[in-house]
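Below is one structure; the comments refer to it alone.
The values are calculated or read from the model by the stated rules, or taken from the named source; none is laboratory data. As the structure is a computational prediction, the values presented were derived from the model and not from experiment. Positions of Cβ are generated from backbone atoms using ideal geometry, with glycine treated the same way; all protein chains shown enter the neighbour counts.
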Amino acid sequence: MTTIAHLSDPHLGPLPRPQARELVSKRAFGYLNWRANRHGAMLSNVLETLMDDIAETGPDHIVVTGDIVNLSLDAELPQARSWLTDLGEPENVSIVPGNHDAYVPGAITRAGQHWGDYMCDDDAPFGAGVPQPPSTALTFPYVRRRGEVAIVGTSSARATAPLMATGYFDQTQALHLRETLAHLGHEGLFRVVLIHHPPVREIGDWMRRLVGGSRFRAAIAASGAELVLHGHTHKAVIEYLGSPSGPVPVVGVPCASQAPGSRWTPARYNLFDISGRPGAWRCEMIERGFRDRASGIVEIARRMLHGEAAKAA
Ligand SMILES: [Fe+2]
Ligand SMILES: [Fe+2]
């Protein structure tokens, strides 16, 4: 059995004081928004409590589906590297970028210089665990094999206009995703696809939607997958996409640093216990997080996504 832990949208704080040159353009809106809405609502001690619980649970691998930072400020990138190092070694943690990690043009390239070894193929030229030199371009999807599980990291992160939080999934990545999933399916692996924006049409409003989402859905419909994990909405949600091998669960997890007591779902993460083989997979999802201020981290719910109980449900 392989256990994967999924968390998302930590929006690491505290936000470093932006330099004057960094507050031009979209970041000025974002900084005001952060001061008004996020400052105080997303707390590092909440995130630390969640991380302690993950460490106690001891998953085989951890995945983080983006929005690691807030405004892609220069000073946020090494802070985020330090947080990732606390979470685990690059070979044990896989990330994909969110819209806040690509806040302004060029941001995703600079993020790659700091965290590229957390979002690369096992057989990338520089390998997991080795920081990539600035000349190395990030490529998506990347693939990592862990036991019977293949982790497929995609990117929907692209700099957008002020007040927009849309994602983008282009034709080239869609083609590679389709080929990659077909290949991994032939290998008999349980395919877990990571993306920041929810790839299901019904989730998310127009200003936060995934542009090109139909390309992502077409790749799943053509080649199949066993599980899709996303963030972005800061909500707990399960939807399904069609595929040749049956419905594919699409699971969104709330923000990993959301303090209890607001209108948002308090911090959570999900565990996925995966075993079996093609045609007879078993996957149990266990949600853990805060119920309220006093609860600490507790089990919220568990359900079968693949296996006999899932078929009966
Ligand atoms: Fe977010
Ligand atoms: Fe987001």
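Descriptive notes on the structure:
- Listed by first and then second residue, the pairs linking a residue in segment 59-74 that is farther than 12 Å from Leu271 by Cα to a residue that is of a type in the set (S, T, N, Q) and within 12 Å of ligand 2 (Cβ to nearest atom), with Cβ atoms under 6 Å apart and 6 or more places separating them unless they lie on different chains, are Thr65/Ser8.
- Scanning segment 140-194 for residues that are in contact with a Pro (Cβ under 9 Å, 6 or more places away or on another chain) and of a type in the set (A, V, I, L, M) gives Val152, Ala157, Ala159, Leu177, Leu181, Leu189, Val193, Leu194.
- Val69 more than 29 Å from Leu32 (Cα to Cα), at pLDDT 95 or above and not small (Gly, Ala, Ser): no
- Residues in segment 183-207 that are under 18 Å from Ile238 (Cα atoms), within 16 Å of ligand 1 (Cβ to nearest atom) and either among the aromatic types (Phe, Trp, Tyr) or at pLDDT below 95 (or both): Ile203, Gly204, Asp205.
- Sole residue being away from ligand 2 (no atom under 16 Å from the Cβ), basic (Lys, Arg), within 21 Å of Gly66 (Cα to Cα) and not in a helix (DSSP H, G or I), chosen from Arg215, Arg201: Arg201
- Members of segment 212-265 that are among the hydroxyl-bearing types (Ser, Thr, Tyr) and within 30 Å of Ile297 (Cβ to Cβ): Thr233, Tyr240, Ser257, Ser262, Thr265
- Within the span defined as segment 254-273, every residue fails to be over 19 Å from the mean Cα position of the chain (by Cα) and modelled with pLDDT of 95 or more.
- Residue check, Ala28 away from ligand 1 (no atom under 15 Å from the Cβ), part of a helix (DSSP H, G or I) and either surrounded by 14 or more Cβ atoms within 10 Å (Cβ to Cβ) or within 16 Å of the chain's Cα centre (by Cα) (or both): yes
- Pair list, Cβ < 8 Å and 6+ apart or interchain, from segment 87-103 residues that are over 12 Å from Gly116 (Cα atoms) to residues that are assigned to a strand (DSSP E or B) and more than 13 Å from ligand 2 (Cβ to nearest atom): Leu87/Ile62; Leu87/Val93; Gly88/Ile62; Asn92/His61; Asn92/Ile62
- Verdict on Leu7 being within 22 Å of Ala236 (Cβ to Cβ), more than 13 Å from ligand 2 (Cβ to nearest atom) and surrounded by 20 or more Cβ atoms within 10 Å (Cβ to Cβ): yes
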